[in-house]
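The values are calculated or read from the model by the stated rules, or taken from the named source; none is laboratory data. What you see is a predicted model; the values in this text were computed from it and never measured. Here Cβ is always computed from backbone atoms with ideal geometry, including for glycine, and neighbour counts include all displayed protein chains.
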Amino acid sequence: MNSRFVGIPELLEVPSVAVVIDVMRAFTVAAWAFAQGAEKIVLAESLDDALALKAGHPDWVALKDGPPAPGFDAVNSPGMLRSMDLGGRTVVQKTTAGTVGALAVKDASLVLCASFVVAEATARVLRARESDNVTFVVTGEDGRADEDLACAQYIARRAAETETETETETEARAGAGTDAAAFLRRAADSRAATELAEGVRQGVHPDDVALCLELDRFGFAMVAALEGPLMVLRRVNVVPGAHQSG
């Protein structure tokens with residue numbers, strides 16, 4: 001599998017297969033939304049679009065980056081979202097980087113949205129697809145966010161391994177050393193992690209960084225596709241026996 005890693009501004013053509021990475025925090029939050037029972041997540045183009053969708057569907061749950069705001073039900077924080085009951089609900093999500101990256105590749109034949117919490121499931125989808133070329137969209141900091149790049153590189157590495165190698169290393173991860181350790185350290189040392197921990201960013205729960213660094217918390221991948229005019233994210237269960245809910 002040939003992997004390339006690009007920022008959103010570098011997306012000059014539509015990739016065949018795209019994996020959009022936002023560790024801190026869009027696609028960690030999206031995974032938690034599914035874990036809390038959400039049926040689907042609509043990725044909004046703008047805050048105004050998110051509010052319009054919410055106005056047209058009052059039972060939908062709208063969330064955004066930053067502090068709470070009128071019209072929105074939640075903020076882009078896994079620590080806060082994990083206490084919400086989203087059973088059967090539709091979530092509308094608008095963030096600074098993650099949703100922008102997913103919408104930028106909406107015409108790709110396969111779009112996966114990912115973070116560390118769904119890394120193995122995402123890698124398994126890529127292995128099953130047997131794609132020759134995969135574009136990883138590193139959404140943060142115009143492609144320079146090390147937490148997103150580390151996650152992208154980790155998933156690419158896992159996806160390129162054979163099933164036998166994967167089974168062996170999965171067993172190894174249950175023991176002392178972990179193949180993901182160096183990648184997780186990079187994410188923990190990233191600018192985004194520091195800003196979250198120090199309260200530079202708003203709408204933050206004290207557990208957000210730790211929750212974003214949980215490897216393979218969930219056994220599902222997240223696939224985005226156009227459904228009519230909307231880009232919709234849905235969960236796809238992949239890893240049998242893995243933790244599926246909050």
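Does any residue of the stretch 11-20 turn out to be within 30 Å of residue 85 (Cβ to Cβ) and surrounded by 24 or more Cβ atoms within 10 Å (Cβ to Cβ)?
Checked the stretch 11-20: at least one residue is within 30 Å of residue 85 (Cβ to Cβ) and surrounded by 24 or more Cβ atoms within 10 Å (Cβ to Cβ).
Which members of the stretch 211-233 meet the condition of being of a type in the set (Gly, Ala, Ser) and surrounded by 16 or more Cβ atoms within 10 Å (Cβ to Cβ)?
219, 221, 224
Kindly provide the set of residues from the stretch 42-94 that are within 20 Å of residue 227 (Cα to Cα), in a loop (DSSP other than H, G, I, E, B) and of a type in the set (D, E, K, R), ordered by number.
Listed by number, the residues that qualify are 45, 59, 89.
For the stretch 97-112, enumerate the residues that are more than 11 Å from residue 224 (Cα to Cα) and under 13 Å from the mean Cα position of the chain (by Cα).
Within the stretch 97-112, 97, 98, 100, 101 qualify.
Would you call residue 87 more than 15 Å from residue 38 (Cα to Cα) and either modelled with pLDDT of 95 or more or crowded, with 21+ Cβ neighbours inside 10 Å (or both)?
Considered against the rule, which asks whether it is more than 15 Å from residue 38 (Cα to Cα) and either modelled with pLDDT of 95 or more or crowded, with 21+ Cβ neighbours inside 10 Å (or both), residue 87 comes out as no.
Restricting attention to the stretch 127-144, which residues are surrounded by fewer than 24 Cβ atoms within 10 Å (Cβ to Cβ) and hydrophobic (A, V, I, L, M, F, W, C)?
Correct list: 128 only.
Count, please, the residues in the stretch 120-142 that happen to be of a type outside the set (Lys, Arg) and part of a helix (DSSP H, G or I).
The qualifying residues number 10.
Residues are listed down the side, and each one gets a yes or a no for (1) under 16 Å from residue 20 (Cα atoms); (2) modelled with pLDDT of 90 or more; (3) surrounded by fewer than 17 Cβ atoms within 10 Å (Cβ to Cβ):
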site	(1), (2), (3)
151	yes, yes, no
156	yes, yes, no
177	no, no, yes
203	no, yes, no
206	no, yes, yes
242	no, no, yes
